[in-house]
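What follows is one structure encoded as structure tokens, with my remarks underneath.
No value in this document is a laboratory result; all are computed from the given coordinates. What you see is a predicted model; the values in this text were computed from it and never measured. Counting neighbours? That spans all protein chains shown, and the Cβs are built from the backbone with ideal geometry, glycine included.
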Ligand SMILES: [Zn+2]
């Protein structure tokens, strides 16, 4: 991620959220229509029916979907992670994805997970900024205090430290990477617990829409989630 890209992410997070919604609706319209109130191109909504549309994205589904879309901006060939920071009024404060710091070229630093020479400097790890960090640092708001963070993967301990220190009060994640016994994740859970940060795995409300978004955006890296149907 270069300077210009980070700047655009910071300045246009709200516009990006709107664009995300439009994009998702365009690309991921459910194939079937289980709800009699939901319209399709072939059966327009009854103009006299006062009821609202039923199978719409919940706030949780919506923000997690935006986190997944953000992940697709990542240049990392092995893992794409996205995050979305939201305030108490469900307004997006910042979005982010894993990438290199401002001014550090995507083309000059390595994306490899391992070095044939055993040189850690030839791998991505010393250089990359995690999605959670970028979402918090890209915030349009003065403080992340009391806010919710949606992230496609359970945060590592380094991100957990920043999340806690920034004042985020709740973390909603989609999947936990690797083994739950990994030191990074054991430490992360320990820190969240001690700091009284609420942590939960997302429970999608609308199966057809949310599942389509998550699985399509996950680029085949995740198992298909088993969400409850919305009806
Ligand atoms: Zn992390």
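Which FRET efficiency value, to the nearest 0.05, is calculated for residue 162 and residue 53 with the Förster distance at 35 angstrom and r the Cβ-Cβ distance? Mind showing how you got there, number by number?
Working: r = 38 Å, r/R0 = 1.09.
Step by step, r from the Cβ atoms, then E = 0.35.
Pairs of Cα atoms under 8 Å, at least six residues apart: use those to get the relative contact order of segment 59-201, whole percent. Show your work: numbers first, answer last.
Values: 287 pairs, mean separation 30.4, N = 143.
Here the relative contact order equals 21 percent.
When ranked by the protection proxy of mean other Cβ atoms within 10 Å per residue, highest first, what sequence do the peptides 77-85, 160-168, 130-138, 53-61 form? Intermediate results must be reported in sequence, preceding the final value.
Details: 77-85: 23.3, 160-168: 19.4, 130-138: 25.1, 53-61: 16.3.
Ranking, from highest mean packing down: 130-138, 77-85, 160-168, 53-61.
What ranking do 125, 97, 185 get, fewest neighbouring Cβ atoms within 10 angstrom at the top? Don't skip to the answer; put the middle values down first.
Numbers: 125 11, 97 28, 185 19.
Placing the least packed residue first, the sequence is 125, 185, 97.
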